[in-house]
Amino acid sequence: MEIRKLNLDDSHELTFVENLYIESFPLSERRPVGKMLDLYRGDSPFYIVVTIEDDQIVGFLTYWDLDDFIFAEHFAISAEYRNGGYGRKVMDLFLKDMTKPIILEVELPTTILSERRIGFYQRIGFKLWENVQYQQPAYLDDGIAIPMKLMTYGDMNVEKDIIDIRSRIYGVVYNC
């Protein structure tokens, strides 16, 4: 398995990422596809990577390099590869490649699916910051902020540094 940058000139890769992005994330938890691709094309610290196994794309991950840490924004595995250990394989490769601490947002543990997602990240070494209040800003102009929790991998103290972390994420990722 390998992780590599999305090739915008490859229509198959591009269509795969666009479709999986829309299928995997509700409108309130993603930016419009065109804006996402513009960020990737532009001069920003935003990355889209695809995961390949036996010449097949199995998923994608988007992340931001925010100098002191990596903000993992979206991660999805194609339906036909889910529950086959691919999520773990991809995250293991991603974690191995990153030299900075990683932070991500997760939905509040109010459903079985959100609890499973948090458990997945905990099993691979992420820490859930249960006592830190955080909201994902709206992606759309008419949207609303969504209460979330933060999880980290590596040496980060979210309780101590939440003001700086939130400021960096809000300013760069959400442009607010």
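Pulled fully out, how much extra length does the chain show between residue 100 and residue 113, if you take 0.36 nm times their separation in residues and subtract their Cα-Cα distance?
1.9 nm
Skipping prolines and chain starts, which residues have an amide H placed within reach, meaning under 5 Å, of the one on residue 70, given they are 5 or more residues away or on another chain?
102, 103
With the alpha-carbon atoms as the only input, what is the per residue convex hull volume for the range 2-173 in Å³?
Expressed per residue, the convex hull around the Cα atoms of the range 2-173 is 120 Å³.
Aspartates and glutamates within cross-link reach of residue 96: Cα-Cα under 19 Å, excluding same-chain residues under 8 positions apart?
Within reach: 2, 53, 65, 67, 68, 73, 155.
For residue 55 and residue 133, what is the calculated FRET efficiency with R₀ set at 45 Å and r taken between the beta-carbons, to the nearest 0.05? Write down the numbers at each step before the final one.
Numbers: r = 44 Å, r/R0 = 0.99.
The computed FRET efficiency comes out at 0.50.
Chymotrypsin sites (Phe, Trp or Tyr not before Pro), restricted to the range 1-81: which are DSSP loop and have at most 16 other Cβ atoms within 10 Å?
Nothing satisfies the criteria.
Once phi is turned into θ = phi - 60°, what whole-Hz ³J(HN,Hα) does the Karplus curve with 6.51, -1.76 and 1.60 give for every residue of the range 40-51, x standing for Gly and Pro?
5, 5, x, 8, 9, x, 9, 10, 10, 10, 10, 10
Note down the magnitude of the dipole of the range 1-74 about its Cα centre, charges +1 on Lys and Arg C-beta and -1 on Asp and Glu C-beta and zero elsewhere, to the nearest 20 debye.
300
First select every other residue whose beta carbon is under 12 angstrom from the beta carbon of residue 76; then total the charges, Lys and Arg +1, Asp and Glu -1.
Result for the local shell: -1.
How much net charge surrounds residue 9 when only the other residues with a Cβ under 15 Å from the Cβ of residue 9 are counted, with Lys and Arg +1 and Asp and Glu -1?
Charge balance in the 15 Å sphere: 0.
Only the coordinates and a few stated rules stand behind these numbers; no lab work does. Since we're looking at a predicted model, the values are computed, not measured. A quick note on method: Cβ atoms are made from the backbone with ideal geometry, for glycine too, and the neighbour counts reach across all protein chains shown.
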